[in-house]
Amino acid sequence: MKKNKEQLLIKDVMNEGVVSVHPEASVQEAKDIMRSRGFSGIPVIDKDNCLLGIISVADIIRALENDALEALVKEYMTSRVITINANASVGQALRLFHNHKFGRFPVVNNEGEVVGIVTHGDVIGRLAVFLGIDEEPLDEEKEQEPINKEFIPQIFEYPIRALDFDRTGEGASSLKKILAELGVSRDIVRRSAIAAYEAEINVMIHAREGKMTANISPQEITIIVEDQGPGIDNIPLAMRKGYSTAADKFRQMGFGAGMGLPNIKKSADKLFVENTCKGLRLIIKIMPEKIA
Amino acid sequence: MQVKRKLSEIKELLQATSYTEHNLEEIYTETVCGADLLSDVLAFTKEKTLLLSGLIHPQVIRTAEMLDLAGVVFVRGKIPSQEMIDLAKTKNIPILSTAYPMFESCGLLYKLGLGGNFLEEK
């Protein structure tokens with residue numbers, strides 16, 4: 001029996017989709033992620049998937065006491081992190097949980113990259129299944145399907161060639177497909193697709209070229225659309241329904257009715273419109289947790 | 001009050017031609033939107049709505065794709081190009097064409113019991 005238990009490895013019980021936060025994010029953002037997901041700590045991972053630390057409730061309280069929610073995560077995180085290897089046994093994990101007060105450990109592969117996270121509950125839960133002592137609670141409603149599945153944050157990039165009218169929308173279409181495949185809820189997929197498509201149409205109408213980038217995580221979808229066009233002289237005016245400077249040929253296609261930016265704003269949780277040295281930049285944020 | 005109708009029933013009523021290989025017996029809609037202004041369609045149309053349009057270019061299909069519409073009917077006898085048909089197949093959007101103009105098409109579908117987005121919201 002003991003031998004079998006030893007064979008149950010961390011990689012069998014861990015959660016593969018790691019919800020992490022970037023070291024340059026604000027403590028506020030880390031707090032929001034933790035509150036919405038019900039986590040007491042999340043790993044701090046940079047863009048090279050390098051584990052820099054963990055930010056926990058205790059760290060956030062410290063930031064709150066200093067009135068420093070705008071400070072960077074890297075200033076408040078705990079840098080000394082105890083990790084566990086994916087090939088370690090659950091027995092070793094239980095010992096680790098027993099010896100330290102932490103509720104979760106980042107799981108690393110032999111190269112030191114974070115491949116998952118394991119909680120005390122994961123280990124106990126799997127052991128219960130393993131020992132055949134897990135039972136469904138009686139007369140209790142089953143938990144609802146999660147609105148958003150866990151997945152590893154992804155970056156999507158798409159060059160927009162505005163003069164190719166018939167291909168306009170292909171970026172939004174690809175993004176829509178990716179979101180659906182990741183298991184993002186239907187409503188969020190649809191809102192993201194509409195916002196991305198409207199932004200792509202804007203590039204088609206007003207600029208010659210552009211780029212769409214989307215940072216996709218279970219907590220937030222950020223779509224950035226930058227173009228090389230004339231920008232917007234009066235942004236508040238452009239946000240008004242019905243205001244448009246589109247050429248007739250686009251109006252004949254059914255666009256350019258001055259509904260684009262307002263509709264992006266309606267579809268998004270946050271919209272930032274800014275002129276850059278090259279053209280226009282739209283930053284569209286859609287937060288799946290907001291509707292949960 | 002509102003009824004669900006199969007696209008196959010709608011095709012028959014509008015004497016329409018279907019251009020994709022969808023089984024229209026299995027696709028339902030309960031709301032219809034008649035518009036040539038895609039900006040409005042994008043801003044106000046809910047999913048699973050059937051779009052009637054006099055516009056005929058690939059962006060009509062892309063609009064239907066983004067909004068998860070039930071399908072598109074091109075009115076007043078407009079025939080989609082092969083390029084549009086290919087796009088509709090790729091994006092899984094049923095497309096049809098009817099000889100009836102917009103007003104008559106809308107009227108026939110309204111009489112069939114189908115509603116719009118606006119009244120339904122009220």
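The values are calculated or read from the model by the stated rules, or taken from the named source; none is laboratory data. Only a predicted model underlies this, so the values are computations on that prediction, with no experimental measurement involved. Using ideal geometry, Cβ is built from the backbone for each residue, glycine included, and neighbour counts are taken over all protein chains shown. Side chains included, ligands, DNA and RNA excluded: accessible areas come from the protein's heavy atoms. Shrake-Rupley method; radii C 1.70, N 1.55, O 1.52, S 1.80 Å.
Take chain A with all the other protein chains still there, run a 1.4 Å probe, and you get 54 Å² of accessible area per residue.
The phi-based Karplus calculation (6.51 cos²θ - 1.76 cosθ + 1.60; θ = phi - 60°) puts the 3J(HN,Hα) values of the stretch B:62-75 at 5, 4, 4, 5, 4, 8, 6, 6, 6, x, 10, 10, 8, 9 Hz, whole numbers, x for Gly and Pro.
Compute the relative contact order of chain A as a whole-number percentage, counting only Cα pairs closer than 8 Å that sit 6 or more residues apart in sequence. The partial results should precede the final answer.
Working: 517 pairs, mean separation 42.4, N = 292.
Worked out over chain A, it gives 15 percent.
Overall shape of the protein assembly as shown was characterised from the C-alpha gyration tensor. The equivalent ellipsoid obtained from it has semi-axes of 47, 28, 18 Å, in decreasing order. Note on B:PHE118/A:THR78: beta-carbon distance plugged into 1/(1 + (r/R0)^6) with R0 of 35 Å gives a FRET efficiency of 0.05. Measuring between alpha carbons in the structure, the pairs from A:LYS47/A:LYS177; A:LYS74/A:LYS270; A:LYS211/A:LYS285; B:LYS6/B:LYS48; B:LYS48/B:LYS91 lying more than 18 angstrom apart are A:LYS47/A:LYS177; A:LYS74/A:LYS270.
Largest first, the three principal axis extents of the alpha carbons in the stretch B:5-111 are 30, 29, 24 Å in whole numbers. In chain A, the portion of solvent-accessible area held by carbon and sulfur atoms comes to 49 percent [1.4 Å probe, whole percent, DNA, RNA and ligands not counted]. Candidates A:ILE10, A:ILE205, A:LEU52 compared by Cα position along the dipole of the protein assembly as shown: farthest toward the positive end lies A:ILE205, with charges placed on Cβ. Of the beta bridges in chain B, as assigned by DSSP with both residues counted there, near 25 percent are antiparallel. Structure remark: mean-square fluctuation, Gaussian network model of chain A, C-alpha springs under 10 Å; the largest value among A:ASN234, A:ASN85, A:ASN215 belongs to A:ASN234. Within chain A, what is the longest stretch that has no GluC sites (Glu not before Pro) placed in a DSSP loop and near at most 10 other beta-carbon atoms within 10 Å? Free of exposed loop sites, the longest segment is A:144-292.
Using a loss threshold of 50 Å², tell me which positions in the stretch A:174-195 are less accessible in the complex than in their chain alone. Probe radius 1.4 Å, ligands and nucleic acids ignored. Residues shielded by partner chains are A:LYS176, A:ARG186, A:ARG190.
Distance between the pseudo-spin-label points of A:GLN252 and B:LYS46 (7 Å out from Cα toward the beta carbon): 3.6 nm. The A:TYR243 and A:GLN28 beta-carbon pair, evaluated with R₀ = 35 Å, returns a calculated FRET efficiency of approximately 0.55. Solvent exposure of A:LEU127, expressed as accessible area, is near 20 Å², computed with a probe of 1.4 Å over the protein chains only. The string of couplings for the stretch A:98-109 from the Karplus curve (6.51, -1.76, 1.60, θ = phi - 60°) is 5, 7, 10, 8, 5, x, 8, 10, x, 9, 10, 8 Hz, one whole number per residue in order, with x for Gly and Pro. Normalised per residue, the accessible area of chain B is 47 Å², obtained with a 1.4 Å probe and no contribution from ligands, DNA or RNA.
Residue separation of B:LEU108 and B:LYS78 scaled by 0.36 nm, minus their Cα-Cα distance, works out to 9.0 nm of gained length.
Of the solvent-accessible surface of chain B, computed with a 1.4 Å probe over protein heavy atoms with every protein chain present, carbon and sulfur atoms account for 54 percent.
With n ≥ 4 as the cut-off for DSSP H runs, can you work out [θ] at 222 nm for the protein assembly as shown, using -39500 (n - 2.57) per run divided by the number of residues, rounded to the nearest 500?
That comes out to -10500 deg cm²/dmol.
Between A:ALA128 and A:ASP46, the FRET efficiency from the beta-carbon distance, with R0 = 41 Å, is close to 0.70. Buried accessible surface for the A/B pair, both sides summed and rounded to the nearest 100, is 2000 Å² with a 1.4 Å probe.
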